[in-house]
Amino acid sequence: EITLDYSDIDIADLIEKEDVVISLTHLGYIKRTPVDEYRSQNRGGKGVNSHKTKEEDYIENIFVSSTHDDIMFFTNLGRVYRIKGYEIPEAGRTAKGRAIINLLQLSSGEKVTATIPVKENKGTGNLIMATKQGLIKKTDVSEFESIRKVGKIAIKLNDGDELINVEYSEGNADILCASSMGKCIRFNENDVRAMGRTAMGVKSMNLNNDDYIVDMIVIKPNYDILTITSNGYGKRSSEAEYRTQGRNGKGVMAGVFNDKTGRLVNLKQVLPTEDIILVTNNGTLIRMHADTISVIGRNTQGVRFIKLNNSEQVVSVATSERENDEEISEETEENLTNEEIEYANLETPTEENADKKDDE
């Protein structure tokens with residue numbers, strides 16, 4: 001008898017290859033949606049909702065991938081999980097999605113901190129990882145080929161340390177790390193030697209005892225650098241304001257930080273066409289258009305984005321696609337237009353004076 005051996009059939013062979021939009025929210029809800037649902041519109045349209053979320057939730061990561069591409073998920077505990085695009089449940093454009101803990105075998109206290117799509121048959125480039133205690137690591141993407149949803153170690157962490165961000169690089173990019181005290185250091189990724197998946201990494205910045213890394217980015221052309229403090233002050237600056245140095249230096253100040261502004265919370269790359277989302281420790285969420293924030297020099301205090309209560313602080317910052325169909329709240333409009341803009345050292349310092357202040 002001639003029969004068909006079903007054991008030779010891979011489920012991937014039964015899934016049609018198509019481009020999809022994958023979105024992940026701050027609270028961990030994920031879904032994939034066919035690109036066709038994001039229909040083309042004329043200029044000046046109101047746009048469409050890409051994810052129906054709770055009031056305290058928002059889209060933290062959204063990208064276009066394929067159903068046959070691999071998606072890597074990195075967590076704060078230094079582990080990495082990898083699943084196919086088609087394994088992410090498909091949902092409508094306005095659906096909430098599914099909790100990611102149903103797809104990945106996450107342990108207690110483990111949270112996804114970075115998502116990296118890997119194009120099918122294009123496993124080239126490096127992954128740059130940064131930890132809270134100031135370690136930086138570069139690993140070839142090929143090191144992560146055999147990882148599946150059960151997860152493996154992506155970086156070895158010291159006690160009390162955690163993985164804060166992972167970004168993809170093609171091999172010759174500049175890296176910018178920022179600390180809570182407002183120090184920033186920019187260096188080329190070639191200053192970091194390639195290491196295996198279970199290595200710990202090397203020092204990115206020479207930190208003070210009570211300082212720690214709050215964010216790391218791989219510099220992209222045409223993006224501005226956004227800095228936000230715990231007391232709700234921030235600004236946009238050109239990436240050229242952050243000069244390239246050697247790794248493990250003291251860095252330069254990303255602005256003027258004091259008791260009024262609070263510590264640096266996050267440092268992000270943003271386009272004028274995107275939105276900025278601030279979240280406080282009381283659960284308050286404020287969303288504003290990036291182009292409403294003036295581009296000013298690095299060595300300034302910035303403007304106040306949000307009025308906070310005595311015990312309230314900004315704890316998280318994210319950038320997202322613009323929500324054209326929802327107007328910014330009246331309170332936000334007032335903060336940005338009628339609020340008195342206060343700068344510290346507003347006059348742009350000369351290069352010589354700026355370098356002197358950075359050295360001090």
As I understand it, the dipole of the stretch 62-212 uses +1 on the Cβ of Lys and Arg and -1 on the Cβ of Asp and Glu, about the Cα centre. Which of V112, I128, L207 lies farthest toward its positive end? V112
Sorted by packing (mean other beta-carbon atoms within 10 Å per residue), highest first, where do 230-242, 143-155 land? 230-242, 143-155
If you take the square roots of the eigenvalues of the alpha-carbon gyration tensor of the stretch 263-311 and sort them as a ≥ b ≥ c, do you get rounded (a/c under 1.5), prolate (a/b over b/c) or oblate? oblate
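So, with +1 on the Cβ of K and R and -1 on the Cβ of D and E, and no other charges, what is the size of the charge dipole of the stretch 110-242 about its Cα centre, to the nearest 20 debye?
280 debye
Cross-link list K260/K307; K111/K149; K183/K203; K132/K235: which exceed 19 angstrom alpha carbon to alpha carbon?
Cα-Cα > 19 Å for K132/K235; rest within.
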Classify the stretch 80-164 from the C-alpha gyration tensor, please: rounded if a/c falls under 1.5, else prolate or oblate depending on whether a/b exceeds b/c. oblate
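Could you rank the peptides 24-36, 96-108 by their average count of other C-beta atoms within 10 Å per residue, with the highest value first? Numbers along the way, then the final one.
On the way: 24-36: 18.6, 96-108: 14.8.
Averaged packing, sorted descending, gives the order 24-36, 96-108.
What shape does the stretch 100-218 take by its C-alpha gyration tensor, where a ≥ b ≥ c are the square roots of the eigenvalues and a/c under 1.5 counts as rounded, a/b above b/c as prolate, and the rest as oblate? Don't jump to the answer; show the numbers that get you there.
Numbers: a/c = 1.95, a/b = 1.25, b/c = 1.56.
Taking the square roots of the gyration eigenvalues as a ≥ b ≥ c, the stretch 100-218 is oblate.
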Over the stretch 107-225, relative contact order from alpha-carbon pairs under 8 Å, at least 6 apart, %: 33 percent
The stretch 230-275, dipole about Cα centre (Lys/Arg Cβ +1, Asp/Glu Cβ -1), debye to the nearest 20: 240 debye
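Sorted by packing (mean other beta-carbon atoms within 10 Å per residue), highest first, where do 79-85, 215-221, 166-172 land?
Working: 79-85: 21.1, 215-221: 17.4, 166-172: 15.1.
The most tightly packed comes first, giving 79-85, 215-221, 166-172.
Readers should treat all values here as calculations from the given coordinates under stated rules, not as data from a laboratory. Just so it is clear, the model here is predicted, and its values are computed rather than measured. Please note: Cβ atoms are built from the backbone with ideal geometry, for glycine as well, and neighbour counts cover all protein chains shown.
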